[in-house]
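Student: My structure is below; once you've seen it, I'll send some questions.
The values are calculated or read from the model by the stated rules, or taken from the named source; none is laboratory data. No experiment lies behind these values; they were computed from the predicted model shown. Cβ placement follows ideal geometry from the backbone for every residue including glycine, while neighbour counts extend to all protein chains displayed. Please note that ligands, DNA and RNA were not included when accessible areas were found on the heavy atoms of the full protein model with its side chains. Shrake-Rupley method; radii C 1.70, N 1.55, O 1.52, S 1.80 Å.
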Amino acid sequence: MKDVNILSIESSCDETSMAIIRNGCECVQCTVLTQMDTHAEFGGVVPEIASRMHAENITMVLEETLTKANMTMDDIDAVAVTYSPGLLGSLLVGVEFAKTLSLVYSKPLIAVNHIAGHIYANNLEKKMEFPLLALVVSGGHTDLILMHGDYEFERLGGTLDDAIGECYDKVARVLDLKYPGGPNVEKMAREGNHTYELPIPMNDDTYNMSFSGLKSAIINLVHNETQRGNNIRKEDLARSFQDVAVDQLCRKTELALKQYDVKHMIIAGGVSANSFLREEIKKVTDKYGVDLCVPRLLYCTDNAAMIGAAAYPLYLNGEFADLSLNATSTDEIY
Ligand code: KG4
Ligand code: ZN
């Protein structure tokens, strides 16, 4: 069969990214232009600035991607783009750019969900085998998903309130760490010990999870200790938080592996970059003899390679979008 080259675009948050993905699994080129330093000055992503920067940079990112791949639009079989979920203004830049490329170069257009992208990032490492258990951990999602086949998602459960990434970012703020919080909390936790007692969330036999109680407990603890004039041992608090948060994910994962006979487990989303989480989940999958796959760091955080990988099954199925495609901030795949 002839090779299929998909040009993919991701602009849902603060990364302008484009990639060329061959046959859904081989990354020919992936360019990521991050706006992180600009948003760090504000302590978080400023949506208006993010969309403006996407608009300023997206053509240069296309040029760099094609040049580095030594390809032209003639070599491209389809254009894929993240249409949801994310920041509306940011998504719109990518979607309109993709529609223009599709129209001008007569290429089929593929609409990809960002969370499907995080899941399919794993196909860039090793082809996913079904039934598969996916732990989705990002800034907006924390879910356990059973996949029966391509795009066949069954949500077993997940957070009832905050997402784990959101919680990492809030804890980072309380600890005076810079944006993006997650990686900085992980770094700090490595230097500390689990000495603070924190509430254990959802210690039950359901797939429900919760992170807001843990977050509030940390905010209150820091507030109370500061009021009393006591110093916070930040490294120890970061470690105590991370232990409790990751333990909840491990307990729920173990529940699923006990109940379902899966061939493969994957971790998806920005928090999958966390090495402590990767190590702890590996202990659980090893116990149940299940193969664990986690994307390399570049494919854990937002990137267009994962969007090209997620677009491939849609390409094979002829599931194309037309020029009426619109960006939406909250579409869910499961
Ligand atoms: O998937 P992602 O890049 O964006 C969304 O789709 O939401 O995830 C971003 C989230 C942020 O909350 C960030 O703090 C968190 O992933 N994150 C981490 C780490 N790297 C990124 N959290 C904990 N440890 C990390 N190493
Ligand atoms: Zn993401």
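Student: Tally time: how many residues in segment 194-229 are farther than 25 Å from Thr159 by Cα and either in contact with a Lys or Arg (Cβ under 6 Å, 6 or more places away or on another chain) or not polar (S, T, N, Q) (or both)? First the steps, then the outcome.
Tutor: To start, the set of residues in segment 194-229 that are farther than 25 Å from Thr159 by Cα comprises 195, 223-229.
Checking the rest, the ones that are also either in contact with a Lys or Arg (Cβ under 6 Å, 6 or more places away or on another chain) or not polar (S, T, N, Q) (or both) come to 223, 225, 228-229.
The total comes to 4.
Student: Further question on the same structure: So which of Gly158, Gly117, Gly94 ends up being within 19 Å of Val294 (Cβ to Cβ), assigned to a helix (DSSP H, G or I) and either within 12 Å of ligand 1 (Cβ to nearest atom) or in contact with a strand residue (DSSP E or B) (Cβ under 6 Å, 6 or more places away or on another chain) (or both)? Working first, answer last.
Tutor: Values: Gly158 fails: assigned to a helix (DSSP H, G or I); Gly94 fails: within 19 Å of Val294 (Cβ to Cβ).
None of the others qualify; the one that does is Gly117.
Student: Does Gly229 fit the bill of being under 30 Å from Cys25 (Cβ atoms) and free of Cβ contacts under 8 Å to residues at least 60 places away in the same chain?
Tutor: Numbers: under 30 Å from Cys25 (Cβ atoms): no; free of Cβ contacts under 8 Å to residues at least 60 places away in the same chain: yes.
So Gly229 does not fit the description; no.
Rundown of residues vs (1) within 13 Å of ligand 2 (Cβ to nearest atom); (2) under 19 Å from Thr100 (Cβ atoms), yes/no style:
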residue: Pro295; (1), (2): yes, no
residue: Cys300; (1), (2): yes, no
residue: Ala309; (1), (2): no, no
residue: Pro313; (1), (2): no, no
residue: Asp322; (1), (2): no, yes
residue: Ala327; (1), (2): no, yes
residue: Asp331; (1), (2): no, no
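Student: Assess whether Ile49 counts as being buried (at least 20 other Cβ atoms within 10 Å of the Cβ) and either within 15 Å of ligand 2 (Cβ to nearest atom) or among the hydrophobic types (A, V, I, L, M, F, W, C) (or both).
Tutor: Numbers: buried (at least 20 other Cβ atoms within 10 Å of the Cβ): no; either within 15 Å of ligand 2 (Cβ to nearest atom) or among the hydrophobic types (A, V, I, L, M, F, W, C) (or both): yes.
The answer is no for Ile49.
Student: How about segment 120-146: which of its residues are open to solvent by 10 Å² or more (accessible area, probe 1.4 Å), more than 12 Å from ligand 1 (Cβ to nearest atom) and among the small types (Gly, Ala, Ser)?
Tutor: Correct list: empty.
Student: Moving on to the next point. Filtering segment 23-43 down to residues that are under 24 Å from Ala116 (Cα atoms) and touching a Phe, Trp or Tyr at 6+ places or on another chain (Cβ under 9 Å), which residue is least open to solvent (accessible area, probe 1.4 Å)? Before you say what the answer is, go through the steps one by one.
Tutor: Looking only at segment 23-43, we keep the residues that are under 24 Å from Ala116 (Cα atoms), and these are 23-36.
So of that shortlist, the ones also touching a Phe, Trp or Tyr at 6+ places or on another chain (Cβ under 9 Å) come out as 23-25, 27, 30, 36.
Working: Asn23: 44, Gly24: 5, Cys25: 70, Cys27: 43, Cys30: 30, Met36: 65 Å².
Result: Gly24.
Student: Now for a separate question. Among the numbered criteria (1) in a strand (DSSP E or B); (2) away from ligand 2 (no atom under 16 Å from the Cβ); (3) open to solvent by 30 Å² or more (accessible area, probe 1.4 Å), which one does Tyr83 miss?
Tutor: (2)
Student: Looking at Ile6, is it within 15 Å of Ala310 (Cβ to Cβ), open to solvent by less than 10 Å² (accessible area, probe 1.4 Å) and touching a residue at least 12 places away in the same chain (Cβ under 8 Å)?
Tutor: Numbers: within 15 Å of Ala310 (Cβ to Cβ): yes; open to solvent by less than 10 Å² (accessible area, probe 1.4 Å): yes; touching a residue at least 12 places away in the same chain (Cβ under 8 Å): yes.
Yes; evaluated as a whole, the condition is true for this residue.
Student: Of everything in segment 274-289 that's open to solvent by less than 30 Å² (accessible area, probe 1.4 Å) and closer than 26 Å to Cys27 by Cβ, which residue is nearest to ligand 1 (Cβ to nearest atom)? Outline the logic, then answer.
Tutor: Filtering segment 274-289 down to residues open to solvent by less than 30 Å² (accessible area, probe 1.4 Å) leaves 274, 277, 281, 284-285.
Pick out the ones that are also closer than 26 Å to Cys27 by Cβ and you get 274, 277, 281, 285.
Numbers: Asn274: 3, Leu277: 7, Ile281: 13, Thr285: 19 Å.
The selected residue is Asn274.
Student: Of all residues in segment 160-200, count the ones that are among the hydroxyl-bearing types (Ser, Thr, Tyr), within 16 Å of ligand 2 (Cβ to nearest atom) and surrounded by fewer than 20 Cβ atoms within 10 Å (Cβ to Cβ).
Tutor: Restricting attention to segment 160-200, the residues satisfying the condition of being among the hydroxyl-bearing types (Ser, Thr, Tyr) are 168, 179, 195-196.
Still in the list and also within 16 Å of ligand 2 (Cβ to nearest atom): 168, 179.
The next check asks that each one be surrounded by fewer than 20 Cβ atoms within 10 Å (Cβ to Cβ); those that pass are 179.
Result for segment 160-200: 1.
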